[in-house]
Amino acid sequence: MIPQEFIQSLLGRVDIVDVVDRYVKLKKAGANYSACCPFHNEKTPSFTVSPTKQFYHCFGCGAHGNAIGFLMEYSGLAYPEAIRALAETVGMPVPETRSRGDRPASPEAQGLGARMMDALAYYRAELKKSKPAIEYLKGRGLSGEVAARYGLGFAPDGWQNLEAVFDDYAAAAMKDTGLVIDSDPGEEHPERKSRRYDRFRNRVMFPILDARGNVIGFGGRVIGEGEPKYLNSPETPLFEKGRELYGLYQARRAIRDANQVIVVEGYMDVVALAQHGVENAVATLGTATTPFHVGKLLKLADNVVFCFDGDSAGRKAAWRALEVALPVLADGKLVSFLFLPPEDDPDTFVRREGKGAFLAAVAGAKPLSQFLFAELAAHVDMATEEGRARFLAQAKPLVAQIEAPALGAMLRKRLAELARLGPEEIDRLIPSKAPEIRPRTAPSRAARAAPASGEAKLLGSVLARPELASRVPDGGFIAPGPEGAALRAVIRFFRANPGANLGQASAYFEGSEHQPAISNALQDPLLKQAESPDFDLASEVDSWVERLRAREADRRRAELEKRVSEGIATPEEHAEFNQLLERLAHAKSGNPLPEARSKL
Ligand SMILES: [Zn+2]
């Protein structure tokens, strides 16, 4: 748990413009800054960052949040991680209220991250000293510049080299870095001074970075002969293989620019492609593609190209990626598969054929649907009924997993053609997951929201311009319900924290019951209009207060009318009723507009 006071003062210290600009180049646009949205694909900028609100908002896809939220969404960090990352940039130490119980010490408490950085510095320095390692990288066509960009290093031969780097080489925390191995008791080795020894020896080292650029693990490729050829860090508190993609930290911008990500099998492939100017490639880390990987990849770009070796292992890996991708496919996303010649991997291919040939191969990658049917058809005799029935039986569970309506429909149609069945027969065999097929209109989050209530309008307005909170008086005219409750809470927050901005308010309400209402209210198109300097949001607020008051007056009038007609109204209620009628009549004659009725 990180105390709320700390989060508030952190957000008071950082400037969201600096935070965002570190990842997305911002341009000044009036009082705000703008850029093409990093969270959806667009040609004209609708992503704005407001220095006064300390908030970002995309009017295209509806993404919004404060500096913490930006880091979470952009880098995939969890809430506390994003706060820590942000605090680091301004050098504020994060106070933590330790939760009870004896949980294991956090990775940072053990200094794991710092140890990984120390190891990286050591490996990089060793690379500069090692002629064979430099020769090896040169032999693979890598420049010093690319080697530096990917932080390549070298772990020299020897069992306990890291002892010179870490004073506490024997400490338990060293084990958690994955940099060392403890041999089993009794497993003596003549060259080792102790049971503990370095995991990586005589290998070119590829640091594996997380979204923030911290070293979380290493991959090592042996120089010359030796087994295994590639060796990765084990899973550690810092490093979870199924969630990480090698090279993503360096590739992020290129992926966004190309709206395409190429997934390859090894780190050497990523680095070699970068050397040849193909910078939007990442690699899985010695694991099969996981659903988490695919989800992350589809978030990064609309086109995901899996590039596998042409051998049988490559085809197996591709099939596995296909199976994992099926349930998460969405219309508008394109997943395709590129198989290089059996003797090639992307590294050898791009070195021999060059960038143009590689990109041409990528452009010719097989769409998922083609790969799916071709692979299934290859194992049966499609000329016979029995073969086609088998084909259908195998395709059925796969196609049934597709939830994307248009894609699912197209695949079922193609399946019907291949199996030589009519569309009705296919529909009977594989019922469609989606009830109907709608044209792809790319509904934005804003467009999906229901028409906003007066409370939501006021809520959005006050969040956008906290000084307007004073124009919304206390009173019974704010309806109960989530929006009304959020409005009251937000007004209370701004009264208690004069000068607080939207970024701070949103941090305050993060995870609270009011968060959904707040998030919805911020999508109101009214707030986009209010961005224009000559828009009078204050009058808008006054008018909504009036309308809500009129609504409340109407409600009260109906309530009193009922009591009067039933003969159960008190004398006070009679007086109130008459007064109300008088006011309403006066308002009607004075001004026909409902929002201009007199005050309650
Ligand atoms: Zn957007």
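The values are calculated or read from the model by the stated rules, or taken from the named source; none is laboratory data. Just so we're clear, the structure is a prediction, and the values are computed from it rather than from any experiment. Methodologically, a virtual Cβ is constructed for each residue, glycine included, from the backbone with ideal geometry; neighbour enumeration extends over all protein chains shown.
In the range 52-76, what residues are more than 21 Å from K296 (Cβ to Cβ) and surrounded by fewer than 21 Cβ atoms within 10 Å (Cβ to Cβ)? Residues satisfying the conditions are T52, F59, G60.
So which of V49, V19, V94, V90 ends up being among the aliphatic types (A, V, I, L, M), more than 13 Å from the ligand (Cβ to nearest atom) and within 28 Å of D302 (Cα to Cα)?
Numbers: V49 fails: more than 13 Å from the ligand (Cβ to nearest atom); V94 fails: within 28 Å of D302 (Cα to Cα); V90 fails: within 28 Å of D302 (Cα to Cα).
After ruling out the rest, the residue left standing is V19.
Taken over the range 515-531, the criterion of being more than 23 Å from the chain's Cα centre (by Cα) and closer than 27 Å to R13 by Cα is satisfied by L527, K528, A530, E531. Inspect the range 224-247 for any residue being aliphatic (A, V, I, L, M), assigned to a loop (DSSP other than H, G, I, E, B) and within 28 Å of F166 (Cβ to Cβ) and give the result as yes or no. Checked the range 224-247: at least one residue is aliphatic (A, V, I, L, M), assigned to a loop (DSSP other than H, G, I, E, B) and within 28 Å of F166 (Cβ to Cβ).
Among the residues of the range 280-289, is any of a type in the set (A, V, I, L, M, F, W, C), assigned to a helix (DSSP H, G or I) and modelled with pLDDT under 90? There is no residue in the range 280-289 that is of a type in the set (A, V, I, L, M, F, W, C), assigned to a helix (DSSP H, G or I) and modelled with pLDDT under 90. Remark: pairs (first residue in the range 311-329, assigned to a helix (DSSP H, G or I); second residue of a type in the set (F, W, Y); Cβ separation under 6 Å; 6+ apart in sequence or on different chains) = G314/F308; A317/F308; A318/F306; A318/F308; A318/F337; A321/F306. Looking at the range 97-116, can you tell me whether even one residue there is modelled with pLDDT of 85 or more, away from the ligand (no atom under 16 Å from the Cβ), within 31 Å of the chain's Cα centre (by Cα) and under 30 Å from P498 (Cβ atoms)? No; the residues of the range 97-116 include none that is modelled with pLDDT of 85 or more, away from the ligand (no atom under 16 Å from the Cβ), within 31 Å of the chain's Cα centre (by Cα) and under 30 Å from P498 (Cβ atoms). Among the residues of the range 261-279, those identified as in a helix (DSSP H, G or I) and either over 21 Å from K355 (Cα atoms) or not small (G, A, S) (or both) are Y267, M268, D269, V270, V271, L273, Q275. All of (1) surrounded by fewer than 20 Cβ atoms within 10 Å (Cβ to Cβ); (2) in contact with an Asp or Glu (Cβ under 8 Å, 6 or more places away or on another chain) hold for T48 with one exception: (1). Among the residues that make up the range 25-38, is at least one of them within 16 Å of the ligand (Cβ to nearest atom) and under 15 Å from Q504 (Cα atoms)? Looking through the range 25-38, none of the residues is within 16 Å of the ligand (Cβ to nearest atom) and under 15 Å from Q504 (Cα atoms). Taking the criterion of being farther than 15 Å from L322 by Cβ, touching a residue at least 24 places away in the same chain (Cβ under 8 Å) and not in a helix (DSSP H, G or I), the residues of the range 383-429 that qualify are E403, R420, L421.
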